[in-house]
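Scroll down for the structure; my scribbles are underneath it.
The values are calculated or read from the model by the stated rules, or taken from the named source; none is laboratory data. This one's a predicted model, so the numbers in the text were calculated from it and none came from an experiment. Ideal geometry is used to build each Cβ from the backbone, glycine not excepted, and the neighbour counts take in all protein chains shown.
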Amino acid sequence: MLRQLALRWLDPWETALVEQPPASGFLGDAGAVDAACGSVTFARDDPEAIAIDVEGPAGRSRVGFRYDPPGLRLGVLVSALAIGAALGVLWLTRPRRAERPAPGGSTP
């Protein structure tokens with residue numbers, strides 16, 4: 001498979017290379033697929049989510065994929081708390097200005 005990719009004779013927009021045949025047994029017959037079978041269009045294409053509108057013989061559907069790893073929110077929370085704690089320490093340990101005497105030479 002790597003050699004086929006290295007030769008670059010395959011168009012990656014037209015051909016998928018797989019290590020094992022799919023469980024369905026369908027290997028893709030280029031002659032059986034035509035525009036009358038349906039269409040696929042992107043409804044949303046964001047880094048975190050993709051939505052695809054599919055129209056085929058069985059009807060119209062929207063298929064969605066979302067990138068939401070389980071540790072992402074926890075990681076954001078821990079990072080925010082750490083930044084807040086660091087800023088708090090910096091604020092508490094900042095150099096204090098010396099008190100200036102009040103006008104007239106007396107201190108309050």
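Whenever a residue of the range 65-84 is surrounded by 10 or more Cβ atoms within 10 Å (Cβ to Cβ), it has no partner that is in a helix (DSSP H, G or I) lying with C-beta atoms less than 9 angstrom away and at least six residues away or across chains. Does the range 63-71 contain at least one residue that is in contact with an Asp or Glu (Cβ under 6 Å, 6 or more places away or on another chain) and modelled with pLDDT under 90? Yes, because at least one residue in the range 63-71 is in contact with an Asp or Glu (Cβ under 6 Å, 6 or more places away or on another chain) and modelled with pLDDT under 90.
As a summary of the residue check, Ser24 satisfies the conditions (1) of a type in the set (Ser, Thr, Tyr); (2) exposed (fewer than 10 other Cβ atoms within 10 Å of the Cβ); (3) modelled with pLDDT of 85 or more except for the one numbered (3).
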